[in-house]
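Bear in mind these aren't lab numbers, they're just calculated from the coordinates by the rules spelled out. The structure displayed is predicted, hence computed values, not measured ones. As a convention, Cβ positions derive from the backbone with ideal geometry for all residues, glycine included, and neighbour counts pool all protein chains shown.
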2 protein chains.
Amino acid sequence: MNITIIGLGLIGGSMAIALKAGKICHHITGVDSNTLHCEQALQLGLVDETATLGAGIAIADLIIIAIPVDKISEILPGVLDLVKMQVVMDVGSTKSVICAQVTEHSNRKRFVASHPMWGTEFSGPAAAVKAAFKNKAAVICNKNESAKDALEMVENVYRTLDMHLIYMNAEEHDVHAAYVSHVSHITSFALANTVLAKEKEDDKIFELASGGFESTVRLAKSNPLMWVPILQQNRENVLDVLNEHISQLNKFKSCLENENYEYLTTLIQEANTIRKILK
Amino acid sequence: MNITIIGLGLIGGSMAIALKAGKICHHITGVDSNTLHCEQALQLGLVDETATLGAGIAIADLIIIAIPVDKISEILPGVLDLVKMQVVMDVGSTKSVICAQVTEHSNRKRFVASHPMWGTEFSGPAAAVKAAFKNKAAVICNKNESAKDALEMVENVYRTLDMHLIYMNAEEHDVHAAYVSHVSHITSFALANTVLAKEKEDDKIFELASGGFESTVRLAKSNPLMWVPILQQNRENVLDVLNEHISQLNKFKSCLENENYEYLTTLIQEANTIRKILK
């Protein structure tokens, strides 16, 4: 099988490594508008060759689109215009806008909308890592809108990455993703900005930064070129969850203001039940 | 040297392991009001024997108090009443209230106020780990209030744990700790409660939880018996930082409400500068 990956960043690059290692394909073509990324991907051995979008599509059995979600929405209809029996999958962090973009497309059945739930705060081909997706969830959305053979090919890709498959519709995915991923990023960005604002008057503030700080703020290093489009496309869900999160924070604030340590204990005990999810 | 550790939990237990390994002492006595913790600490080989508070103090050259900060404030004056030439150190996450408690004590010079900046979300003797404190910061507060030999002994303890020493006054410590530790815990607790509230109507919400969620919510497993007293003792600083954090979150909210994606990009780029701190 020939695979063409559009977008040679963290996700595209890491998929290239895993798909080669999983022997699912013998040839990977890379497409990226950033020529530096193309060169790096070749040097790092992520892809066998690079090509233009049109040539990359023509040569492929499977086309994986791994670029920011605004760019996926932009190019997906044009990519589907060019395919015949090939399969096209995206790996974007939002699904509703992307799916809506091609609902009426005559080649809709060749497309499988998906989201592998893995990432790091780093970007670019040099950020690609081995065994990246292992044991994480991969979501496939609106599977009934895809042809059976297309769906099976994409399922096979995710099994090769050692991921477990979850099926839901695009709207449901976007609500869930707002809760378990998108708002985590906003809290991290906001926490980083809180401490960075303080640093302007107090240059020793970071001397005490410990593991707890690092883990809550790690995501604040994430790239705005990826994240602004995600937050834009999932704006309504993210706003709902952000409002809920701010109201939860205000409960902690009221407890401290009113010195209600009994209720503060209750709030923390409730939070502790997250143990049933996170080992 | 004989060391007595009061409190055989995560911190006390991990210190016992490291101090034994660092050959700084030949005998460690454990004191804990929880008899189960005493038994576990003996079984795990964290301590050589357990004793009552009075006996533990009498036998020791150095007494390490590693219990929740409200309990430190409670017992510290009584512990200092009992010492002669021994050294007493605490490892609590707040410093102002604890230091204020003993400012006028006749044995104040035998006490060194400190805070090793390390922890995990787990507690109890079984949570104790090897090499726990390595390469982290240890803060010593109000060092001029301690006798030279007492200070040197505590500095030696932290060097044995491979920590680097930072000196500041107790008030300064508490402001810094609010920024880089205490508010991180509140955001984690609040984020856990946000998602747990949603789970009541949507039992599949956690299927998508990925690494990003795990890292921002990890601290939500932390024990209220430890954290309520910290937030209580550092209430004013925590409220200041929490207000600032909520106002930073509201900036992200306004950007989404007003679809101001340019300013959203700026906010994320600002947050990205945290890279200079977190590698």
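Quick notes on this structure:
- On a per residue basis, the convex hull of the C-alpha atoms belonging to the stretch B:2-169 measures out at 96 Å³.
- Applying both filters, DSSP loop and at most 10 other Cβ atoms within 10 Å, to the trypsin sites (Lys or Arg not before Pro) of the stretch A:54-134 gives A:K84, A:K130.
- Full-stretch length increase - A:K200, A:D240 - with 0.36 nm per residue and alpha-carbon distance subtracted: 11.2 nm
- In order along the stretch A:96-110, the phi-based Karplus estimate (6.51 cos²θ - 1.76 cosθ + 1.60, θ = phi - 60°) of 3J(HN,Hα) comes to 5, 4, 5, 5, 4, 4, 10, 3, 9, 5, 5, 9, 3, 5, 7 Hz; Gly and Pro are listed as x.
- Per-residue shielding of A:173-184, expressed as the average number of other chain Cβ atoms within 10 Å of the residue Cβ, stands at 6.
- C-alpha long axis of helix B:235-257 to longest principal axis of chain B, angle in °: 20
- The protein assembly as shown, Cα convex hull volume normalised per residue, Å³: 154
- Normalised by the number of residues in chain B, the average gap of Cα pairs under 8 Å and 6 or more apart makes the relative contact order 17 percent.
- The stretch B:123-144-the stretch A:172-190 distance, computed between alpha-carbon centres (Å): 33
- Among beta bridges identified by DSSP and lying wholly in the protein assembly as shown, the antiparallel ones come to about 15 percent.
- Other protein chain C-beta atoms within 10 Å of residue C-beta, averaged over B:133-145: 1.
- Label 7 Å beyond Cα on the Cβ vector: B:L82 copy-to-copy distances, nm: 7.8
- Of all lysines in the structure, the ones whose alpha carbon falls short of 23 Å from that of A:K20, not counting any fewer than 8 places away in one chain, are A:K130, A:K134, A:K136.
- Label point of B:Y167 (7 Å along Cα→beta-carbon): distances to the other copies' equivalent points are 6.8 nm, sorted ascending.
- Burial ranking of peptide ranges B:20-26, B:222-228 (average Cβ count within 10 Å, highest at the top): B:222-228, B:20-26
- Cα→Cβ-extended label distance, 7 Å offset, between A:K148 and B:K251, nm: 5.5
- Between helix B:261-272 and chain B there is an angle of about 20 degrees, using the helix long axis and the longest principal axis of the Cα atoms.
- Where a label projected 7 Å from the Cα of B:H26 along Cα→Cβ would reach, residues of the stretch B:40-80 with amide N under 14 Å: B:61
- In degrees, nearest ten, helix B:224-233 long axis to first principal axis of chain B (Cα): 90
- Working from the Cα coordinates of the stretch A:173-276, the gyration tensor eigenvalues give, after taking √(5λ), semi-axes of 24, 22, 13 Å in decreasing order.
- Partner chain coverage, peptide B:252-263 - average Cβ within 10 angstrom: 4
- The fewest-to-most ranking of A:T103, A:T194, A:T265 by surrounding Cβ atoms within 10 Å reads A:T103, A:T265, A:T194.
- Counting only residues at least eight positions apart within a chain, or on another chain, the aspartates and glutamates with an alpha carbon under 14 Å from that of B:K221 are A:E270, B:E121.
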